[in-house]
1. If you take the residues in segment 97-135 that are crowded, with 16+ Cβ neighbours inside 10 Å and over 24 Å from PHE69 (Cα atoms), which one is nearest to the chain's Cα centre (by Cα)?
2. Kindly indicate whether any position in segment 246-256 is assigned by TED's automatic domain parsing to the domain that holds ARG372, hydrophobic (A, V, I, L, M, F, W, C) and closer than 24 Å to SER366 by Cα.
3. Which of the residues spanning segment 9-21 are surrounded by 17 or more Cβ atoms within 10 Å (Cβ to Cβ) and under 28 Å from ALA586 (Cα atoms)?
4. Of all residues in segment 76-103, how many are in contact with a Leu (Cβ under 7 Å, 6 or more places away or on another chain), closer than 25 Å to PRO61 by Cα and assigned to a strand (DSSP E or B)?
5. Right, PRO94: farther than 27 Å from TYR511 by Cα and either crowded, with 16+ Cβ neighbours inside 10 Å or within 34 Å of the chain's Cα centre (by Cα) (or both) or not?
6. Looking at (1) within 24 Å of LYS189 (Cβ to Cβ); (2) surrounded by fewer than 18 Cβ atoms within 10 Å (Cβ to Cβ); (3) over 31 Å from the mean Cα position of the chain (by Cα), find the lone condition where PHE153 falls short.
7. Among the listed residues GLU419, GLU388, GLU381, identify the single one that is closer than 30 Å to MET249 by Cβ, in the same structural domain as LEU256 (by TED's automatic domain parsing) and of a type outside the set (S, T, N, Q).
Amino acid sequence: MMHVRRILLRGSSVDDAEVRFDVGGNILAGASDTGKSFVLHCLDYILGSDIMRKRVPEAEPYSTLFVEFGNGTGEALTLRRDLSGGNLEVYDLPIERASGSNRTIAPRRRGTSQSDDVTSVIFPFAGIPEARLRTNSQGKVQRLTVRNLFPIFVVDEISVIAEQSPVLGETGFGDTMRKRMFSFLLTGKDDSGVVAEEKREIVKARLAAKLGVIEELMAPLEKRLEGVRRDESLDSVEKLEAAMETTRMRLQTMELEREELQSERSTAAESLDHANSQIIAIDELRVRYGLLQQRYDSDLKRLDFVAEGAQYFDQLQEVTCPLCDQPMTADHRHVAEERSSGIYDAAKSEAAKILAQRTDLQAAISDLEGRRAVHVATVDECATRLEEIEGRLRSDLAPRLKGDVDRLDALSERRLRLEATRNDLDQFDNLVQLRQEIEDAARDGRPRAKEWEPLPSAALLAFCRQVEATLKEWGWPSEEPRVEFDQQTYDIVVDGQARQSHGKGVRALLYSAFVVGLLRYCAQNKRPHPGFVIIDSPLTSYKRGRDVEASDSLDPGLEDGFWSSIPKTSRDLQIIVVENKEPPVAVQDATHYEWFAGPNGADGDRKGFVPPAR
């Protein structure tokens, strides 16, 4: 929902003429001919009227109208329009920042135009959804616009006292649209799904065209279905489905078998690779062990040579010692002889160690040979198993899989053909039935009566309760006012008396109660509504005294009750009252109050909408 923030006139060489409003209750009061009602005409013009319906002499120097709106999310929307007519400019900004060229829209759409207009801007800003409403009993629909809503939120001083319905206005052309507008506000549902009834000649022509199309569609179907037995076609599909299911089950079984064989093949291949890698490692160790054994043999041969050399040294004949030139007797010893003895012992000891190591090496070589034989046997076994698995996969399982796959493909192709035949039969039957319906409709020339959904009783009851609460708040004479809605006149009946049967003063108050109650109902039930109402002169025709018509006489506290209710308006809504009468001081202090004193007002008082020329 939205509310009015400012209405401003601007011209060259003159001060701006501006009226500001606040959320909640607002009162604009003052003497006649001060421009109070001009506020409503400004709203009417900015919201799509073709022309400014009322011009005041004081406003002639002004050329441009600005109106700023706000909504519940704190956004601002300013509309600008030249007073001489034309399109509008839209600003998503307050008035003081709305300058320069901006988006341009039309006041309203014309013909089949889909361009943006005031409704395209106001509805989204106020949270009102796009709607299409029925305009006649044949079901023709058209777009809801802000102009359609005008009677329920902008009430001028003539409409407020008129005997006409607050919904219908002057009855005649457009009643259906206004009724559906009221239903839309009560329920939030529009008529976008309604299909309009066309003229009988158009309908017959369309039916004839449809028959021609149906005949064209049936001709190729009849040709394709020649010689087809309906029962055989229907039964064969089920038989094929059973055969296909059996084939699928076999394929699933073979697929499981194939997965098991592949798993075994993978395991055997891993074992074969492992055994081959072990054999390669063992052969590498065998080569190294062989080299080590040769090294041991070579070392033993050298040690034998050293030992034999020491023995030969002891067997030499007696001669003169080359060292001391003495005979080399049995007890003749030198260091060299002692060394040969030690070398011999060391050679024997080293040879014993090498012999022990060679024995260990031979045992290790023997163990390697045993392990190699085991791995060789594993290689032979895995190779044999792999060959068996490959044989089963290639020679047994693959042919069986291919055979069942081919069979399933053939069955599927056959089923597709039968399904196509079945679809042809179904389509042919539907076309025959549709042709019969069209022929029956073409023979039926009688117009069909249209029955439309009435206003929802639950929503109407809730709306009437809001109007009752409003009247009770204003101090209606009966302690518990009873409000009903007359669906013939589309107006309220209070305590058994129709609004139109009252005098103009009471009619004005009841019209006000109608629009205020509707505003509160829509807000409470989250129904579409602009979010504010502006009422011009709801109390002006209400007078006290001996000159009052009997139908105008009310309890003296009603006017005071009306004024006292304005400060209680919720800050989520906006009520603007335009009146000649001045409200009580307490009400002035508790609302957003503007007083237009007129040309005879005291110094400091605002004279009217347009400031005096300087």
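1. ARG132
2. no
3. Residues satisfying the conditions are ALA17, VAL19, PHE21.
4. Number satisfying all stated conditions: 6.
5. In short, yes.
6. Only one criterion in (1) within 24 Å of LYS189 (Cβ to Cβ); (2) surrounded by fewer than 18 Cβ atoms within 10 Å (Cβ to Cβ); (3) over 31 Å from the mean Cα position of the chain (by Cα) is unmet by PHE153, namely (2).
7. On inspection, the qualifying residue turns out to be GLU388.
Residue-wise test of (1) under 18 Å from LEU509 (Cα atoms); (2) in a loop (DSSP other than H, G, I, E, B).
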residue	(1), (2)
ASP572	no, yes
ILE576	yes, no
ALA586	no, no
ASP589	no, no
GLU594	no, no
PRO599	no, yes
ALA602	no, yes
GLY608	no, yes
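The values are calculated or read from the model by the stated rules, or taken from the named source; none is laboratory data. Treat the numbers as computed from the prediction; the structure is a model and nothing was measured. Cβ coordinates were reconstructed from backbone atoms using ideal geometry, including for glycine residues, and neighbour counts include every protein chain displayed.
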